[in-house]
Amino acid sequence: MSSGSDDLKDLYQEVVLEHSKRPRNYRVVEGANHEAAGHNPLCGDQLSVTMKVDGDVIRDIGFQGQGCAISRASASLMTGVVKDKTRAEAEALFEKVHKLVTEGPESVDVESLGKLAVLSGVSEFPARVKCASLAWHTMRAALEGRDEAISTE
Amino acid sequence: MSSFDVQRVRQDFPLLHQEVRGRPLVYLDSAATAQKPQAVLDAIVRFYQHDNANVHRGVHVLSERATEAYEGARETVRGFLNARDAREIIFVRGTTEAINLVAQTYGRKHVGPGDEILITQMEHHANIIPWKMLCEQTGATLRVIPVDDRGELVLDAVDALLTEKTRILAVTHVSNALGTVNPVKELTRRAHAKGIPVLVDGAQSVTHFPVDVQDLGCDFYALSGHKLFGPTGIGVLYGRLERLEPMPPYQGGGDMILSVTMEKITYNRVPHRFEAGTPNLEGAVGLAAAIRYLQALGLDAIAEHDRALMAYATQALESVPGLRLVGTAREKAGVLSFTLEDIHPHDVGTILDREGICIRTGHHCAQPVMQHFKLPATARASLALYNTREDVDALVRGLHKVREVFR
């Protein structure tokens, strides 16, 4: 059993705090051809994702919005990782991240996740899974070209 | 000569005595729902072990006892609110249902196209949405009394908003998001001067100070049992008899009728007309036990404890660097809403939770008032009669920890 304090350190790792304070790709992508809005009605967090998709490849991606440290860090990390990936690769990453934050680091090949591995601490905090996955749900909705706002509820 | 001893009071609440996350539980979320004293738990168990039967129907002894318990609970609530007549007490599921009931009965009867319903910027969604729905059904318009930056109602704006088109004023007694105590007696006086009835949302008030509906003069008063240290699923709508008598029924079903043929239905008298179906008996019994428990402690003594602890907590929180109280009304009760630097309230809540401290984070089902303060969310600590200065001190230590994590 890890103590509450260790869990906190796992959740709020340096990388997470750093990304939440200085999020990467915090912008609207110029000439975006895919976009979606995400909303967590429980906490009022909102974010939008814009993308430029060229054929099968995500050439550029940005996000904007308000949220907690976990949702901002997850969104920031996501934009860094899915850039220049194919739709299928982005989709596969989504699945892995989802498994990571819901089932914990033992459930996935953490090595293959690179920087995203810092989100593993979320699995100890069931109430925060939605925060970590909001950006990813929104990214997927943008890829699929769904118009309706994405909700974590 | 108050005999209020908070350590003894805590002994009456079994849930408080546990460790969470390896630390003693510090419960500062009573504005969401309050914990229950043993007396309430015992009353519910006793009811099921001895008196359970359906009410108002049977000729047998158990039905008599159950009816006595249920109608006795109505009388207990009457005394608690100082209503004139027990028929003015309607049992509902909670504050939300009480307000929906008034909107869909009184409202549907009296509100039409071009009419106005007046609420305030600081209402809980439960005192916004039922009126918004009524407006959509009838073609009426929702008008809003603004709040200022302290979180007080702008009283200068009220008279102009009470017009010949206003059909009802609905206002909260205590704001669940800010803690502001509103001058509902004065507002009622002003509305009545123009013949406008008043509904008061009392979900957050009755837990902190005595409420006398005759003194307030309001037409309707709504409250929830679970915030008043009673069970969930039970609440009260108080309505002045002369308002309730002409109101059409709310839901249809058993107990709300006098006679039924396929051609004609004669509705039952107040309050039964508004209580269709088998009521929440254990809820009413539990709520009455909660009220008797509070009365035994002394409502004035509780108010004094809550007031003193609120003052202590306000000062303690103001000492935390980077903390900003949201809602600094001159008169507040029970609720301390705040932000801490630019740390998101959810992160504050998660870190406090790991210290065993329960608070609420989010928009508190009061998004319009959050929009006034341009905040998506706040952290909210709320106090009750079982909270101590030590609880507040633990919160302050926890907030320092939050600042450390985010340094």
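The values are calculated or read from the model by the stated rules, or taken from the named source; none is laboratory data. Note that the structure is predicted; figures quoted are calculated from it, not measured. Positions of Cβ are backbone-derived with ideal geometry, glycine not excepted, and every protein chain shown enters the neighbour counts.
For the stretch B:107-122, enumerate the residues that are touching a helix residue (DSSP H, G or I) at 6+ places or on another chain (Cβ under 6 Å) and either over 22 Å from B:Val154 (Cα atoms) or surrounded by fewer than 19 Cβ atoms within 10 Å (Cβ to Cβ) (or both).
Listed by number, the residues that qualify are B:Gly107, B:Val111, B:Gly112.
For the stretch B:59-80, give me the residue count where each residue is in contact (Cβ under 8 Å) with a residue 60 or more places away in the chain and either surrounded by 18 or more Cβ atoms within 10 Å (Cβ to Cβ) or not in a helix (DSSP H, G or I) (or both).
8
Being surrounded by fewer than 20 Cβ atoms within 10 Å (Cβ to Cβ) and away from chain A (no Cβ under 14 Å) is the filter here, so list the residues in the stretch B:373-393 that pass it.
Listed by number, the residues that qualify are B:Thr388, B:Arg389, B:Glu390, B:Asp393.
I need the full set of residues from the stretch B:40-58 which are buried (at least 17 other Cβ atoms within 10 Å of the Cβ) and modelled with pLDDT of 95 or more, in order please.
The answer is B:Val40, B:Ala43, B:Ile44, B:Phe47, B:Asp51.
Per-residue answers, yes or no, for (1) in a helix (DSSP H, G or I); (2) among the β-branched types (Val, Ile, Thr); (3) under 19 Å from the mean Cα position of the chain (by Cα):
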| site | (1), (2), (3) |
| --- | --- |
| B:Arg143 | no, no, no |
| B:Arg150 | no, no, no |
| B:Val158 | yes, yes, no |
| B:Leu178 | no, no, yes |
| B:Lys185 | yes, no, yes |
| B:Val200 | no, yes, yes |
| B:Val211 | no, yes, yes |
| B:Asp215 | yes, no, yes |
| B:Ala222 | no, no, yes |
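In the stretch B:336-363, which residue that is more than 10 Å from chain A (Cβ to nearest Cβ) and either β-branched (Val, Ile, Thr) or on the phi > 0 side of the Ramachandran plot (or both) is surrounded by the most Cβ atoms within 10 Å (Cβ to Cβ)?
Within the stretch B:336-363, the subset more than 10 Å from chain A (Cβ to nearest Cβ) is B:336-341, B:352, B:357-360.
Remaining after also requiring either β-branched (Val, Ile, Thr) or on the phi > 0 side of the Ramachandran plot (or both): B:339, B:341, B:357, B:359.
On the way: B:Thr339: 19, B:Glu341: 13, B:Ile357: 26, B:Ile359: 23.
Only one residue fits best here, namely B:Ile357.
Take B:Ile89 and decide whether it is under 28 Å from B:Lys165 (Cα atoms) and either modelled with pLDDT under 95 or assigned by TED's automatic domain parsing to the domain that holds B:Ala289 (or both).
Values: under 28 Å from B:Lys165 (Cα atoms): no; either modelled with pLDDT under 95 or assigned by TED's automatic domain parsing to the domain that holds B:Ala289 (or both): yes.
No; evaluated as a whole, the condition is false for this residue.
Pick from B:Arg324, B:Arg307, B:Arg292: which is more than 23 Å from B:Tyr70 (Cα to Cα), of a type in the set (Lys, Arg) and within 25 Å of the chain's Cα centre (by Cα)? Let's see the steps before the verdict.
Numbers: B:Arg324 fails: within 25 Å of the chain's Cα centre (by Cα); B:Arg292 fails: more than 23 Å from B:Tyr70 (Cα to Cα).
Testing whether each residue is more than 23 Å from B:Tyr70 (Cα to Cα), of a type in the set (Lys, Arg) and within 25 Å of the chain's Cα centre (by Cα) leaves just B:Arg307.
What is the residue count in the stretch B:327-355 for residues that are under 25 Å from the mean Cα position of the chain (by Cα) and without any contact (Cβ under 8 Å) to a residue 12 or more places away in the chain?
Matching residues across the stretch B:327-355 total 0.
Among the listed residues B:Pro248, B:Pro279, B:Pro271, identify the single one that is more than 23 Å from the chain's Cα centre (by Cα) and either among the aliphatic types (A, V, I, L, M) or on the phi < 0 side of the Ramachandran plot (or both). Even if it seems obvious, please write down each step before you answer.
Working: B:Pro279 fails: more than 23 Å from the chain's Cα centre (by Cα); B:Pro271 fails: more than 23 Å from the chain's Cα centre (by Cα).
Being more than 23 Å from the chain's Cα centre (by Cα) and either among the aliphatic types (A, V, I, L, M) or on the phi < 0 side of the Ramachandran plot (or both) holds for just one of B:Pro248, B:Pro279, B:Pro271, which is B:Pro248.
In this structure, is A:Ile70 more than 15 Å from A:Ala141 (Cβ to Cβ) and crowded, with 22+ Cβ neighbours inside 10 Å?
Working: more than 15 Å from A:Ala141 (Cβ to Cβ): yes; crowded, with 22+ Cβ neighbours inside 10 Å: yes.
Yes; evaluated as a whole, the condition is true for this residue.
Looking at the stretch A:12-26 only, could you name the residues that are farther than 9 Å from A:Ser76 by Cβ, facing chain B (nearest Cβ under 9 Å) and not hydrophobic (A, V, I, L, M, F, W, C)?
Once the filter is applied, which keeps residues that are farther than 9 Å from A:Ser76 by Cβ, facing chain B (nearest Cβ under 9 Å) and not hydrophobic (A, V, I, L, M, F, W, C), the stretch A:12-26 yields A:Tyr12, A:Lys21.
Collect the residues in the stretch A:104-116 that are among the hydrophobic types (A, V, I, L, M, F, W, C) and surrounded by fewer than 19 Cβ atoms within 10 Å (Cβ to Cβ), keeping them in residue-number order. Show your work before the answer.
From the stretch A:104-116, those among the hydrophobic types (A, V, I, L, M, F, W, C) are A:108, A:110, A:113, A:116; that's our starting set.
Listed by number, the list holds a single entry, A:Val110.
Taking B:Leu25, is it touching a Gly at 6+ places or on another chain (Cβ under 8 Å) and not assigned by TED's automatic domain parsing to the domain that holds B:Ser175? Lay out the reasoning, then the answer.
Values: touching a Gly at 6+ places or on another chain (Cβ under 8 Å): yes; not assigned by TED's automatic domain parsing to the domain that holds B:Ser175: yes.
So B:Leu25 fits the description; yes.
Being in contact (Cβ under 8 Å) with a residue 60 or more places away in the chain and outside any strand (DSSP E or B), is that true of even one residue in the stretch A:91-114?
Residues of the stretch A:91-114 that are in contact (Cβ under 8 Å) with a residue 60 or more places away in the chain, as a first pass: none.
So far as the stretch A:91-114 goes, no, none of its residues is in contact (Cβ under 8 Å) with a residue 60 or more places away in the chain and outside any strand (DSSP E or B).
Can we say A:Asp60 is within 14 Å of chain B (Cβ to nearest Cβ), of a type in the set (D, E, K, R), more than 12 Å from the chain's Cα centre (by Cα) and crowded, with 18+ Cβ neighbours inside 10 Å? Full working, then the answer.
Numbers: within 14 Å of chain B (Cβ to nearest Cβ): no; of a type in the set (D, E, K, R): yes; more than 12 Å from the chain's Cα centre (by Cα): yes; crowded, with 18+ Cβ neighbours inside 10 Å: yes.
It is false that A:Asp60 is within 14 Å of chain B (Cβ to nearest Cβ), of a type in the set (D, E, K, R), more than 12 Å from the chain's Cα centre (by Cα) and crowded, with 18+ Cβ neighbours inside 10 Å.
To keep it simple, each residue is scored yes or no on (1) farther than 25 Å from A:Gln46 by Cβ; (2) in contact with a strand residue (DSSP E or B) (Cβ under 7 Å, 6 or more places away or on another chain); (3) modelled with pLDDT of 95 or more.
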{"position": "A:Gly65", "(1), (2), (3)": "no, yes, no"}
{"position": "A:Ser112", "(1), (2), (3)": "yes, no, no"}
{"position": "A:Lys115", "(1), (2), (3)": "no, no, no"}
{"position": "A:Lys130", "(1), (2), (3)": "no, yes, no"}
{"position": "A:Met139", "(1), (2), (3)": "no, yes, yes"}
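Filter the stretch A:1-26 down to the residues that are in a loop (DSSP other than H, G, I, E, B) and within 26 Å of B:His363 (Cα to Cα) and list them by number. Full working, then the answer.
Quick first cut of the stretch A:1-26, residues in a loop (DSSP other than H, G, I, E, B) only: A:1-3, A:12-13, A:22-26.
Within the stretch A:1-26, A:Tyr12, A:Arg22, A:Pro23, A:Tyr26 meet the criteria.
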